[in-house]
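The values are calculated or read from the model by the stated rules, or taken from the named source; none is laboratory data. Just so you know, these numbers come straight off a predicted model, no measurement behind them. Counting neighbours? That spans all protein chains shown, and the Cβs are built from the backbone with ideal geometry, glycine included. Side chains are part of the model used for accessible areas, which takes the heavy atoms of the whole protein and leaves out ligands, DNA and RNA. Shrake-Rupley method; radii C 1.70, N 1.55, O 1.52, S 1.80 Å.
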Protein chains: 4
Amino acid sequence: MNTFEKSVMHVGEMASGAKLTVPIYRYHSEENSNPNRSQNLSPNLSPNVYIQANMHGAEVQGNAVIFQLLELLKNCQINANITLVPYANPVACNHKNGEYTLGRFDPITGVNWNRMYHFDQAVIAPFAEQHLDSAEEEIKTSFQQLLLAQIEQKLDHNSWGLTTGERIAYQLQAMAHQADIVLDLHTGPISSKHLYCPEYAKASASYFDIPHTLLIPNDFDGALDEATFCPWWDLQQAFSDVGRNFTMGEGAFAKESFTVELGSQEQIDLAAAHQDALGILSYLKHKGVVESSDEHDFSPQAMTRYACYLKDYRALYSPMGGMVDYLAEFGIPLAAGEPLARILRMDNYGDGDPIHNITLNDEALPILHFASASVNQGTELYKVFTNYFTL
Amino acid sequence: MNTFEKSVMHVGEMASGAKLTVPIYRYHSEENSNPNRSQNLSPNLSPNVYIQANMHGAEVQGNAVIFQLLELLKNCQINANITLVPYANPVACNHKNGEYTLGRFDPITGVNWNRMYHFDQAVIAPFAEQHLDSAEEEIKTSFQQLLLAQIEQKLDHNSWGLTTGERIAYQLQAMAHQADIVLDLHTGPISSKHLYCPEYAKASASYFDIPHTLLIPNDFDGALDEATFCPWWDLQQAFSDVGRNFTMGEGAFAKESFTVELGSQEQIDLAAAHQDALGILSYLKHKGVVESSDEHDFSPQAMTRYACYLKDYRALYSPMGGMVDYLAEFGIPLAAGEPLARILRMDNYGDGDPIHNITLNDEALPILHFASASVNQGTELYKVFTNYFTL
Amino acid sequence: MNTFEKSVMHVGEMASGAKLTVPIYRYHSEENSNPNRSQNLSPNLSPNVYIQANMHGAEVQGNAVIFQLLELLKNCQINANITLVPYANPVACNHKNGEYTLGRFDPITGVNWNRMYHFDQAVIAPFAEQHLDSAEEEIKTSFQQLLLAQIEQKLDHNSWGLTTGERIAYQLQAMAHQADIVLDLHTGPISSKHLYCPEYAKASASYFDIPHTLLIPNDFDGALDEATFCPWWDLQQAFSDVGRNFTMGEGAFAKESFTVELGSQEQIDLAAAHQDALGILSYLKHKGVVESSDEHDFSPQAMTRYACYLKDYRALYSPMGGMVDYLAEFGIPLAAGEPLARILRMDNYGDGDPIHNITLNDEALPILHFASASVNQGTELYKVFTNYFTL
Amino acid sequence: MNTFEKSVMHVGEMASGAKLTVPIYRYHSEENSNPNRSQNLSPNLSPNVYIQANMHGAEVQGNAVIFQLLELLKNCQINANITLVPYANPVACNHKNGEYTLGRFDPITGVNWNRMYHFDQAVIAPFAEQHLDSAEEEIKTSFQQLLLAQIEQKLDHNSWGLTTGERIAYQLQAMAHQADIVLDLHTGPISSKHLYCPEYAKASASYFDIPHTLLIPNDFDGALDEATFCPWWDLQQAFSDVGRNFTMGEGAFAKESFTVELGSQEQIDLAAAHQDALGILSYLKHKGVVESSDEHDFSPQAMTRYACYLKDYRALYSPMGGMVDYLAEFGIPLAAGEPLARILRMDNYGDGDPIHNITLNDEALPILHFASASVNQGTELYKVFTNYFTL
């Protein structure tokens, strides 16, 4: 039997004193909420889930996906706790700059809102040493408590204060650390759907209805997905260093975090969001979190799924200022030397070359491009998969 | 025999001293450049043309259209002077705010770049009185000289200086006043193609390949189209007040100015620009400026052309903050009560109404909508034709 | 006996659904709140007062002045209703752009927040005709009701909606129309204190502790001061046109509105705010609104008070891009030809002139200058009084 | 005998094709420009100098300081090459956002302009091994060539392109690597003068006329000062690791880099710049770069010089949104518990606490504060020295 609960979290305050809040929706599974639950790693117990959207202000489609998830979950059997957080960063999602939403970074400092989560590598090795002989269940419980305690320390015991973004990020991260599966819903600028997936969780990528997967290593750079899986990956390696072997992705280490890129920013499409929600439920059914409903069996769609390693995900920066006609379609392999884009330079008309074709030296799979035709020299034009393969 | 010429105009200077320039392309018709030309209103003489693009920074497609016009004009017979000015406002078109271009207004003052052109109504009546008995040719020549002299006075004899936008606008306007036909190439935010057309020039609207026409009255509000036709319209009325009748749009008063809205901002599409250029050449052929080429006969496309009066072009402002799924398609009549858009408000999920349908009380023809899904209470959502009719 | 009341007004909603509110503080005078009050124009009855601050986002010092006014009013006898509204425009005052507050205009549309108030000139003449023989008290009551009804119509009966700024402005204006004295607290960029004062109210300017007064004519351009006094001025003139003479500033027409410029933007100085509050109370005591307190007698300071007419308040626009060393001090007459500023152009060092002196052709009194050293060609450098005189 | 030379470097291109350039001023010392110079570490040879300003757009005072340095150097004997680069980042210094200059980060990406310089730690150890027995002169020459070759590789052999900021930074860095002394002229927001000084160069700090010195460790975080001294510091340590000892700051390792914070941003003050220039020349005279002139002996001023280690330079983030009255004066020790600032919250007036005092738990020396009164919860309010001492 599940219960559904709505609450509101206070995450920021503006100059007029206006409070910024985040709505939180939770399905509580009776079983998973049992206080003894974490002592029990039985395969029957389903992983808890945390899903948030809109950490970057212009990346709004995840809110619609959470809406459709909530609508679909009404008619599902749910086997675990699921927490859903739309409008995760109201400072960003309310910040209009001209007609658009200035959403990737704090407009005062420039710091990317998704590079402010916390991870202190220094705690890993001591924990492994201390728990060399602990039961796996205890390792899971204690390490989660350690992660939560660190966040609480940052939030509540810091006389010098926190930046605007840290305050938001840490409050979200405290919820995410209580889950086993973390989905951070983002979008690209003008973009295909793609998925950031930890290398060890590659098998899961095929359960999402997403044709492009980036396999990311165990490097912490401040993002939520990294902040939730890297500590466990590092812990598993620290145990390995001291002679105790666990498998990342299994048992106490059954932690998976994904950044789900839902397409283009600045758009809400409720019909597309329904499809996106079905894809997420396909993955969650695979993990045992939900069961098929009468209406939907939550199976992954058949499609070619391309993947590449993060090191092979390349950005092309514009070799000149100008106005860009983006030519390459997303998800369609582009041969070396074929035009990716052409750049108009009307100032060169008549005495120079008004059109410059932009090509790559190697075959690539275009994934996303810049949101505006107008670029400076050095603006990121396209991001592409190179050395890609099918899953 | 035509000559083609490129020049560069200095329009602004930034804090580092960087100079901002505008490229100017000109076809000179031997006949029209004859100094005696304006004394001769013979029907054989074709009207001179001025075309500019990108006065608003994000509205870049006009630059691509000027590129395609220049390419097409290479193979045309040209009967008049044609001046083409891309990147008309480099201050605006170089001003990035986040990923997008902040282009509708001076980022320092907020003043719309297309509300800074000059018109001094006070000179009209005295001119009409002074030229009550002048020949029509002389009226045309003298009034044009008066308009140019006023601009020159503003540009060169002003010890208090000019605003950044006035300096740009006046330099462009001095070129536009030397033409009979003025086309100012703009775009909407996310938009259908539409045309701002003076009421008296309605017959010309059907020669453009544009399905939506706004018929605008003789009110000066600072835009280039108004700044170039309103003085002549007012002059014709001033002559009428003192008993001499001319017909607006004919003879000395054969002046037509249009703001051509080419679709959506932030986009360059060279293929679409080729089509847009053909539509403009269709109008110019109708006016005798160009002849059909071997490849193209420059005839207007068959299409339903809707029109409405400016007073019936209505903006709908959002009744709430939220995230918008824009539903109504451009150019397809929307019945009263049908949803134009729906607004997602996830904060209301669970204890309120998370989806609000936005409807209109009367049938309307959607023309454009806001560029972002995220809106404040009071953001302009859609602009629509009401009381529209077919041309 | 007065009562003090706090309330909160909802003025806007952002994309996340966050509500923006404005706090309102009111002293109610028993006598003035008598429903029969407006039927009674006895000289013993004091004018009601409306004071707001921070309509422009960066102009925050007025909030501190309202704080100090509230503190001082605690110990005063108050003879009228006083309404005080800090943070009048939370959309603007919460809008950071980089480190600073983008406050003068709607960041989406560019429209100046203080140009959105309502006035429909068309209602004036019919009202005068209708009330040609009405008692003066009735004229006052009925015209105020008309103004309020127009605002209410705009706010509540508009199926096309209102812009973000109109919704805020109209809600504020409804409060202001219920007062006889309106003070709109602003600041300049880097600025001296100065006062916008209607020409007919010149005598009142000497009761503020402000050394510079701009005398403004009866032209409505959308600002709050104009929106509250112009209707009455026009009405008085409309009565005059039909043969009934009232004196503007007296009896039913005893309406005074001022825009009070408190110095520079982006600053809170509570000590200076205390002085500013004393100056405002000096004016209010003169008007009979408050009495001297034990601590303060609320008398104007002795100072030279300069004034000029609005037409003689001139802006100087930068003749070049560059970096400005602002030299002229505010409030000190600057002789013709003396340097107002010098502009550094390091790009010209070595082969040109790296320093340009900026001078004026006539004596002037510097009032304010631009907020940044970095200017484009055409940026407003200074505003100065010319043809000024002492009050 | 010196020669003076001006050149212009192309560093960027905007959407209209407008080129952005940087002026470069160079004094060439005949001796130091001798191609054999670097083979000669004789104590008579003076260090070459590189000085740039305005990498952050709003931090303009350095341009004025370079102007005054150039004026003063006209009358000095100069013993080395000096390169001076004002307007180092024209993309940033021309980017107005509202009235102010958005200068700390790329407005498209948010990346701090002063975090994009290059340093590849991986080349250090191999170089030390390879040059274990090289002459010191050869080490200096070869390592400089290596650093320059790396930059050249990045600039000219990168088929994926460079970001806007990298292109600028690398071009500047190529000049800086050719000098022994690097001064990067910055400012704080509202700020005292302070100096970032490598720990090993502490003795030099007393030759600048700057009362506050931050001693920074050998950590590379992307800034120009670090990018120019860290490679040498790391090299010296790498040699030490393999058993060859050099002293950082001497001989081939006589490299000193400083970030000089000249006060507050958004201001040009040519008189203050003259003083700032004298302070820099005092340091350069100490290093033997210049000799006293007839007019100036270039000696440091007597003043108390406070210093602290970078780890003790603390930022205080606002515990709430509100409007700040900054109280603490720069450079004056503030006792624990004394108010640093007070925050006005008018929304709390009447039913809460409208004024919040902000205090610190320990004594501190205030160095700079935020540029605007309006802050969000989490905005950096002040930066202060803790555990400071006198030099």
Chain D, relative contact order [Cα under 8 Å, separation at least 6], %: 17 percent
Average beta-carbon neighbours from other chains, 10 Å sphere, peptide B:257-269: 3
Global form of segment A:311-391, assessed from the alpha-carbon gyration tensor, a/c cut-off 1.5: prolate
Equivalent ellipsoid semi-axes, segment B:133-254, via Cα gyration tensor eigenvalues times 5, rooted, Å: 25, 23, 11
Segment D:182-228 - percent relative contact order, Cα under 8 Å, separation 6 or more: 40 percent
Angle between chain A longest axis and helix A:61-73 axis [Cα atoms, degrees, rounded to 10]: 40 degrees
Eligible aspartates and glutamates near residue A:6 by straight Cα distance, threshold 18 Å, same-chain separation 8 or greater: A:30, A:71, B:347, B:351, B:353
Bins of 10 Å, starting at 0 and running to the largest distance - Cα pair percent for the protein assembly as shown: 1, 7, 13, 18, 20, 18, 12, 7, 2, 0, 0
Largest-first principal axis extents, alpha carbons of segment D:105-170, Å: 48, 23, 18
Three-way shape label, segment C:139-209, alpha-carbon gyration tensor, a/c 1.5: oblate
Inter-chain Cβ neighbour average for residues A:310-320, partner chain, 10 Å: 3
Over 26 Å (Cα to Cα) - which of A:285/A:311; A:96/C:193; D:202/D:311 fall in this group: A:285/A:311; A:96/C:193
Rounded if a/c under 1.5, otherwise prolate or oblate - segment B:42-120, Cα gyration tensor axes: oblate
Pairwise burial D:B, computed as accessible area of each alone minus the pair, summed, 1.4 Å, Å²: 1400 Å²
Modelled FRET efficiency - R0 30 Å, residue D:178 with residue D:250, Cβ distances, 0.05 increments: 0.95
Distances in nm from residue A:219 to the matching label points in the other copies, shortest first (labels 7 Å along Cα to Cβ): 1.9, 5.9, 6.2
Added length on full extension, which subtracts the Cα-Cα distance from 0.36 nm per residue, residue A:275 to residue A:138: 45.4 nm
Top of D:356, D:28, D:212 by mean-square fluctuation, Gaussian network on chain D, Cα under 10 Å: D:356
Peptides C:145-155, D:157-167 ordered by average Cβ neighbours within 10 Å, highest first: D:157-167, C:145-155
Per-copy distances of the residue C:135 label point, shortest first, in nm (7 angstrom along Cα→Cβ): 7.3, 9.1, 11.1
Shortest-first nm distances, residue B:274 label point to equivalent points in other copies (7 Å, Cα→Cβ): 3.9, 6.5, 7.6
Estimated [θ] at 222 nm from DSSP helical runs (n ≥ 4, -39500 (n - 2.57)) normalised by residues in the protein assembly as shown, nearest 500: -7500 deg cm²/dmol
Calculated log₁₀ intensity ratio I(q)/I(0) where the Debye formula runs over C-alpha points of segment B:236-391, q = 0.12, 0.15, 0.21 Å⁻¹: -0.76, -0.98, -1.31
Computed E for residue B:387/residue B:122 - FRET, C-beta separation, R0 25 angstrom, nearest 0.05: 0.15
C-alpha center-to-center spacing [segment D:243-317, segment B:107-169] in angstrom: 55 Å
Order by protection proxy (mean Cβ within 10 Å, highest first), peptides D:376-384, A:195-203: D:376-384, A:195-203
Along principal axes, Cα extents of segment B:211-294, largest first, whole Å: 51, 33, 18
Acute angle (nearest 10 degrees) that the helix A:136-156 long axis makes with the longest principal axis of chain A, alpha-carbon atoms: 60 degrees
Shielding of B:21-27 by partner chains, average beta-carbon count, 10 Å: 3
Percent RCO, i.e. relative contact order, over segment C:176-316, from Cα pairs under 8 Å lying at least 6 residues apart: 36 percent
Chain C: angle of helix C:224-241 to the longest principal axis, Cα-based, in degrees nearest 10: 60 degrees
Straight-distance crosslink candidates among aspartates and glutamates, where the alpha carbon sits under 14 Å from residue A:383 and sequence neighbours closer than 8 are dropped: A:261, A:312, A:329, A:362, A:363
Using distinct alpha-carbon pairs, which all enter the 1/r mean, Kirkwood radius of chain C in Å: 22.3 Å
